[in-house]
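Inspection log for the structure reproduced underneath, given as structure tokens.
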Amino acid sequence: MDDKTNAGQPRITFRQTGLETAFDITNYVIVTLFAAACIFPFIYVLGFSLTPYEDYLKNPLSLIPKRPTLQAYTQMLSMRLLQTGYLNTIIITVAGTALNLFLLCVSAYPLSKKKLKGRGVIMGLIIFTMFFGGGMIPNYALLRSLNMLDTYWALILPGAISAYNLILMRNFIAAIPDSLEESAIIDGANEITVLFKIILPLSIPAIFTFLLFHAVGHWNAYFDSIIYLRNRGLWPLMLVLRELIIEGGGLEGMDALSNDPTRLAQPFTLQMAAIIITVVPILLVYPFIQRYFMKGMLLGSVKG
């Protein structure tokens, strides 16, 4: 029936003009160049992390190793400070992200309710923190008075909740129909049950989006570690990487990589391998969260 109906209707086709075609081709070229510019540094680092240092000296522009070797990775993974840095970063990332998401959810849910008394004042105070802060020295003095220096808490608690993310999460929850909550309350559910059984399952896209934000932020953070940590055993991975790449003095002072000096890879090769080792975990996690990322950001910014 549909075929007969459609058979009698003229078929509409759209033809691009020469200017529109040229515009599309230009867009494809620009996007391709931008993508190549983004992926080239990773290919560069990966290629030279697998290249023997002698081959690199012969041809510094060759991105494809002729004699691939994992010697640099073996030596980097045997470095004790890198191992402790990995452990410290995993602890900080997991604990910090869990605390971020918990505080974000339990704070955004009540603030999404229009009937909450003083909601405007509370939101005003939250927005105030986005523009004004105590500064580095007062923060350091505060953490020192709380005996939190040289502890994981110095890297977790100061950024336990983000005002910007809290506003986005509140907007996301506010966009959920009130009828779902009202029907659950009529059936005998309390506020906690509504939050964990209805609101949070419907907020999975936003939760995964903020999980990615906070996890990447904790994984890549190093500046707070420079200020608040003096114990090298508590250094996160990025601070160890900074010591290797920027300071350039970590290879001799950190650990003995091998008893045989002739087996040691050159510093440049170790640096490239260290970069890959620190980047791989985020690259492995991101594809599983990407499908929630855009959906969470779009829905979280619909309703204010």
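The values are calculated or read from the model by the stated rules, or taken from the named source; none is laboratory data. Computed from a predicted model, the values in this text were never measured in an experiment. No Cβ is skipped: glycine too gets one built from the backbone with ideal geometry, and neighbour counts run over all protein chains shown.
Couple of notes before you dig in:
- In segment 1-60, of all residues being within 30 Å of Q71 (Cβ to Cβ) and among the polar types (S, T, N, Q), the one that is modelled with the lowest pLDDT corresponds to N59.
- Residue match in segment 133-142 (condition: of a type outside the set (S, T, N, Q), assigned by TED's automatic domain parsing to the domain that holds T84, part of a helix (DSSP H, G or I) and in contact (Cβ under 8 Å) with a residue 24 or more places away in the chain): yes
The rows are residues; the columns are (1) crowded, with 16+ Cβ neighbours inside 10 Å; (2) part of a helix (DSSP H, G or I); (3) at negative phi; (4) not assigned by TED's automatic domain parsing to the domain that holds I122.
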| site | (1), (2), (3), (4) |
| --- | --- |
| A154 | yes, yes, yes, no |
| L166 | yes, yes, yes, no |
| I176 | yes, no, yes, no |
| L180 | no, yes, yes, no |
| I185 | no, yes, yes, no |
| T193 | no, yes, yes, no |
| K197 | no, yes, yes, no |
| P201 | no, yes, yes, no |
| F208 | yes, yes, yes, no |
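- The residues listed here are S145, S162; of these, the one that is in the same structural domain as L239 (by TED's automatic domain parsing), small (G, A, S) and free of Cβ contacts under 8 Å to residues at least 40 places away in the same chain is S145.
- When the test is whether a residue is part of a helix (DSSP H, G or I), under 24 Å from F213 (Cα atoms) and without any contact (Cβ under 8 Å) to a residue 12 or more places away in the chain, L125 passes it.
- The condition (being part of a helix (DSSP H, G or I), surrounded by fewer than 15 Cβ atoms within 10 Å (Cβ to Cβ) and either charged (D, E, K, R) or not assigned by TED's automatic domain parsing to the domain that holds P281 (or both)) is satisfied by just one residue among V29, V45: V29.
Here's the yes/no breakdown for (1) of a type in the set (S, T, N, Q); (2) within 30 Å of I156 (Cα to Cα); (3) touching a residue at least 24 places away in the same chain (Cβ under 8 Å):
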residue	(1), (2), (3)
T32	yes, no, no
I39	no, no, no
L46	no, no, yes
L57	no, no, no
R67	no, no, no
Q75	yes, no, yes
M79	no, yes, yes
L87	no, yes, no
I91	no, yes, yes
